[in-house]
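Here, each number is a calculation from the coordinates, and none is a lab measurement. Just so it is clear, the model here is predicted, and its values are computed rather than measured. Neighbour counts are summed over all protein chains in view; Cβ atoms, including those assigned to glycine, are modelled from backbone coordinates with ideal geometry.
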Amino acid sequence: MSNGKKVLLIISGGISAYKSLELIRELKVRNIKVRCILTTAGSQFVTPLSVEALTGDKVYQDLFSLTETNEMGHIELSRDADLIVVAPATANIIAKMRAGIADDLATTALIATDKSVLIAPSMNVKMWEHASTQSNMMELQQRGINVIGPETGDMACGEYGVGRMSEPLSIAQKINEVLLENKGMLQNQIITKTKPMKLVGRKAIVTSGPTKEAIDPVRYLTNHSSGRQGYAIAKALSEQGAETILISGPTQLPSPSGVTVKHVNSALEMLAACKEFLPADIVICAAAVADWRIANPNINKIKKNGELPVLELIENPDILLQISQLTKNRPYLVIGFAAETQDLIKNAQAKLSKKGCDWIMANDVSPETGTFGSEKNTIHIISKDGVEAWPTLTKEIIGQKISIRIAEFLDGLS
Ligand code: CTP
């Protein structure tokens, strides 16, 4: 983890600057210290006071004002950090970074740094697509600048397209990754974007999150799944070049970039979506599908009338089982999860044979492990060849490791 690491966050003048406040909170939750430079344009979107309240530190704005003895100059500011993050990174600051222009505190700190830099571009779709922005981005990436986003979606200006800044949670996860890479903590199997992608030409479907089973129009049955593990796997598969479809139950998570996300509610909808996107080379069922649904959900809200309602449950279809048992166009690799609270390995091995899938990723979801909703997970890979225990890792890194394992398996088939 990146405990105690220091990030210098540069907030430049984009409409998504408000998301940077949420980013500060996400970093603090991860015990990462944040110091902020707010550009003049950035201060049109967020106030220095709100930034100071969240960082608990002075916000740095002026290149030439070192009024107090404990204030830091641009060199010290950039050297003191383990990583510099520019979020949002506007077309303007990106152009200045490429050209080496240093005309304010932010750009001066950027040119003075000897640390890694991560930028989260944010701009109107036409500005993003403009030849000069594209050429600037290519040059910055060649220089080793890390980039996250931008995402596709509706823009504040009313247009639709590429240009939205990535969500704070995704940026925080990326920051964690870059800090770990800097520290040399990532295991050597982890592929960064500069290395060749291993799943180009492959199609992957990932199910993720909980399902919601309606009792009536206002009530439902569900479970504690956050969807984080499935989202991380989908992201990693896509980063390895796979055409990736994420079929997600209701979650609070931002869509991973490059992944087609199909949102569903119930187990029946999840199954139908899988059928819609099959065939595929790889299917990973990471969803915590509700095992039962209400036989006859009420069309109207059930009213209290002095008697307890009787809810008749029926079993949901088992999506993993159905895909594993396909006789026509069965994916080369079908991977399930086993969420257990006791006898992890024994139960997971039983699931492997009962469901007929190729691998099971077994994890203990007892409340004391904090697996649901947490950033970390402890996985055992169960297959016909045996059991392999992985150390506790972030869900992101588990996604990357499993993607590489999948690529190696598929390579072995040809
Ligand atoms: N699964 C599925 N469809 C279901 C139930 C489960 O696709 N209706 C998949 C899950 O996505 C997971 C695997 O089956 O990959 C195991 O899920 P889990 O909840 O651990 O086990 P269950 O099969 O539900 O069995 P039990 O609740 O008895 O442990």
The stretch 203-413 - Kirkwood radius from inverse mean 1/r over Cα pairs (Å): 17.7
The stretch 6-182: mean projected area of Cα convex hull, nm²: 9.3
Net charge of Cβ neighbours under 12 Å - reference SER20; Lys, Arg +1; Asp, Glu -1: -1
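Sort LYS262, LYS174, LYS354 so that the residue with the fewest other Cβ atoms within 10 Å of its own Cβ comes first and the one with the most comes last. Walk me through the intermediate numbers first.
Working: LYS262 17, LYS174 20, LYS354 13.
The most exposed by this proxy come first: LYS354, LYS262, LYS174.
Could the peptides 372-378, 228-234 be put in order, highest first, of the mean number of other beta-carbon atoms found within 10 Å of their residues? Don't skip to the answer; put the middle values down first.
Numbers: 372-378: 17.0, 228-234: 28.9.
By packing density, highest mean first, the sequence is 228-234, 372-378.
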Inter-centroid distance (Cα atoms) of the stretch 148-171 relative to the stretch 380-414, Å: 31
Highest-MSF residue in the chain out of ILE145, ILE284, ILE398 [GNM, Cα springs under 10 Å]: ILE145
Residues in the stretch 1-36 reached by a label modelled at ALA112 [backbone nitrogen below 17 Å; 7 Å Cα→Cβ]: 7-11, 35-36
Normalised contact order of the chain, rounded percent, pairs of Cα under 8 Å and 6 or more residues apart: 11
Inter-label distance, nm, simple model (7 Å from Cα along the C-beta direction), ARG143/ASP103: 1.7
Vicinal HN-Hα couplings computed from phi for the stretch 22-30 (Karplus, 6.51 cos²θ - 1.76 cosθ + 1.60; Hz; Gly/Pro x): 5, 4, 4, 5, 4, 6, 5, 4, 8
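Once you charge only the Cβ atoms, +1 for Lys and Arg and -1 for Asp and Glu, what is the size of the charge dipole of the stretch 6-182 about its Cα centre, to the nearest 20 debye?
On the way: 16 positive and 21 negative charges, 38 e Å.
That gives a dipole near 180 debye.
Starting with the highest mean, order 235-245, 14-24 by the number of other Cβ atoms within 10 Å, averaged over the residues of each peptide.
Numbers: 235-245: 24.7, 14-24: 22.7.
Going from most to least packed, we get 235-245, 14-24.
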Distance in nm between pseudo-label sites at GLU312 and GLU159 (7 Å out along the Cβ direction from Cα): 5.6
Helix-derived mean residue ellipticity, 222 nm - over the chain, DSSP H n ≥ 4, -39500 (n - 2.57), to 500: -10000 deg cm²/dmol
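Please give the FRET efficiency for GLU368 paired with SER132, using the beta carbon to beta carbon distance and R0 = 51 Å, rounded to the nearest 0.05.
On the way: r = 54 Å, r/R0 = 1.06.
Using R0 = 51 Å, I get an efficiency of 0.40.
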Listed residues LYS203, LYS346, LYS401, most fluctuating in the chain (Gaussian network, C-alpha, under 10 Å): LYS346
Cβ-based charge dipole, the stretch 1-130, positive-most Cα from LEU63, GLY4, VAL51: GLY4
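Take the eigenvalues of the Cα gyration tensor for the chain, scale each by 5, and report the square roots as semi-axes in whole Å, largest first.
Details: eigenvalues 348, 123, 84 Å².
Those come to 42, 25, 21 Å.
Tell me, what is the FRET efficiency for ASN305 and ASN265 to the nearest 0.05, using R0 = 22 angstrom and their Cβ-Cβ distance as r? List each step's numbers first, then the result.
Numbers: r = 28 Å, r/R0 = 1.25.
Taking R0 as 22 Å, the efficiency between ASN305 and ASN265 is 0.20.
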